[in-house]
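Notes for the one structure printed next.
What follows is calculated from the coordinates using simple rules that are stated; it is not laboratory data. Everything quoted here is computed from the prediction, not taken from an experiment. Note: ideal-geometry Cβ built from the backbone for every residue, glycine included; neighbour counts use all protein chains shown.
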Amino acid sequence: HFADVARVPGDPILGLMDAFRADPNPARLDLGVGVYKDASGLTPIPRAVKLAEQRLIETEQTKSYIGGHGDPAFARHLLELVLGAGSALLHDDLAGATQTPGGTGALRLAGDFIARNLPGRGIWLSDPTWPIHETLFATCGLKVGHYPYVGADNRLDVDAMLAALEQVPVGDAVLLHACCHNPTGFNLSPRNWKRVLEVVKARELLPLLDFAYQGFGDGLDEDAWAVRLFAAELPELLVTSSCSKNFGLYRERTGALIVRAETADKLADVRSQLALLARNLWSTPPSHGAAVVAGILGDAELKALWADEVEAMRQRVTSLRSGLVEALRPHGLAERFAHIATQRGMFSYTGLNPTQVQRLREEFSIYMVSSGRANVAGMAEERLAYLAEAIARVCD
Ligand code: LMR
């Protein structure tokens, strides 16, 4: 009976959006959910997306279903964006993309695939990680374990990470954030990625690279460096790619699960299983966002415009990072928060504790996740002084 159904708390990240909207304080500042905002506080639709949409309205012939793997043109272009246009894997049919409802859909498909087709394998997540990783893989029935990533001193601890991965059961899956780690913003250096790769090889682990922020860290190709390294060096790999942030397509739910297999035949086997799983999850994926992405990446002019727009977003976030550290300087806090300028992507693990986060919200209408994660992409140049002042007050 419904009488036995208990109420659970709302989602901690999406709930912040509602709380922010309901806050009447004109000084309110939303640093919660990971969406990019421009200087006026709006999440813009990129110009390239608008143009591709206009074209689509004119040329789209049907709304009939697309296939279980989605739009083949989208898959082809996205594979090139992620793996590199000249990738030998694409030439040899060793990698394929299945279109999914957003990056979350790709994660769910990956989780179900591991649970159904690789029985007995657990999955290991960074501590901390995106909270939905925790619940999503548990919902798939996977045993979820953790490896350390950022210590209590709010520093990346690669030695602890590697030591833990060396203890992971042979063959288990390990989730790695390909760039722009969510929630911390701490990335692995190329040298450390290579160290992780060695452990992955030695333990025969199956890496699942979550790639939701391509273009927001160091650049579109630079951010794909680890994905391309792993894809070249390992016979088997899963990559979840999201077009939410870099194409600004959030609500259109556009993403893909990319599989790299050892042979073209084995890739076809795996993809047949993915189609079966997807059919039972969402049947066929939504079309619009993927058609827009295919339209952009398949047109040299639109692609160049889009790449410029991504670069502008990236640079704005980078300058907000150093801007905040500068704004904290008059309060004597520039040293303490220097990491904000060197972290990458939308998020910063500020080091603020839950009590300080709560005070920011109650006393200053500044919203961030209780872990101390701030969405830097939600800041605005002219609000940095207010934010710095508020941080100084709660750090007293
Ligand atoms: C976030 O972490 O804020 C984003 O990935 C958006 C989401 O769905 O939580």
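For this structure, a couple of remarks:
- Rounded to 5, the percent of DSSP beta bridges in the chain classed as antiparallel: 45
- Net charge of the neighbourhood of Cys180, taken over other residues with C-beta under 14 Å away and scored Lys/Arg +1, Asp/Glu -1, is +1.
- Mean-square fluctuations from a GNM of the chain, with a 10 angstrom spring cutoff on Cα atoms, peak among Cys180, Cys140, Cys243 at Cys140.
- Fluctuation leader among Glu301, Glu166, Glu236 - the chain, Gaussian network, Cα springs under 10 angstrom: Glu301
- Net charge dipole size for the chain [Lys, Arg +1 and Asp, Glu -1 on Cβ; Debye, nearest 20]: 420
- Between Leu83, Gly248, Leu29, the Cα set farthest toward the positive side of the dipole of the chain (charges on each charged residue's Cβ, about the Cα centre) is that of Leu29.
- For the chain, averaging the sequence separation of C-alpha pairs within contact (under 8 Å, six or more residues apart) and dividing by the residue count gives a relative contact order of 26 percent.
- Each of Leu302, Ala173, Leu360 was placed along the dipole of the chain (beta-carbon charges, centred on the mean Cα), and the one lying farthest toward the positive end is Leu360.
- Descending Cα extents along the principal axes, the chain, whole Å: 62, 55, 55
- Distance from the alpha carbon centroid of the stretch 79-139 to that of the stretch 334-396 works out to 31 angstrom.
- Charge dipole (the chain, unit charges on Cβ, about Cα centre) - positive-most of Tyr149, Ala291, Thr139: Thr139
- Pair-distance distribution of the stretch 65-298: all C-alpha pairs, bin width 5 Å, starting at 0; shares per bin in whole percent are 1, 7, 15, 20, 22, 18, 11, 5, 1, 0, 0.
- In the stretch 149-262, Cα pairs under 8 Å separated by at least six residues give a relative contact order of 22 percent.
- Separation between Cα centres of the stretch 255-314 and the stretch 2-72, rounded to whole Å: 19
- Given +1 at the Cβ of Lys and Arg, -1 at the Cβ of Asp and Glu and no other charges, the dipole of the stretch 65-298 around its Cα centre is 460 debye to the nearest 20.
- Cβ-defined net charge surrounding Leu277, 14 Å radius [Lys, Arg +1; Asp, Glu -1]: +2
- Using a cut-off of 31 Å between Cα atoms, the listed pairs Lys50/Lys143; Lys201/Lys266; Lys50/Lys266; Lys63/Lys303; Lys143/Lys303; Lys50/Lys194 include Lys50/Lys143; Lys50/Lys266; Lys143/Lys303; Lys50/Lys194 as exceeding that distance.
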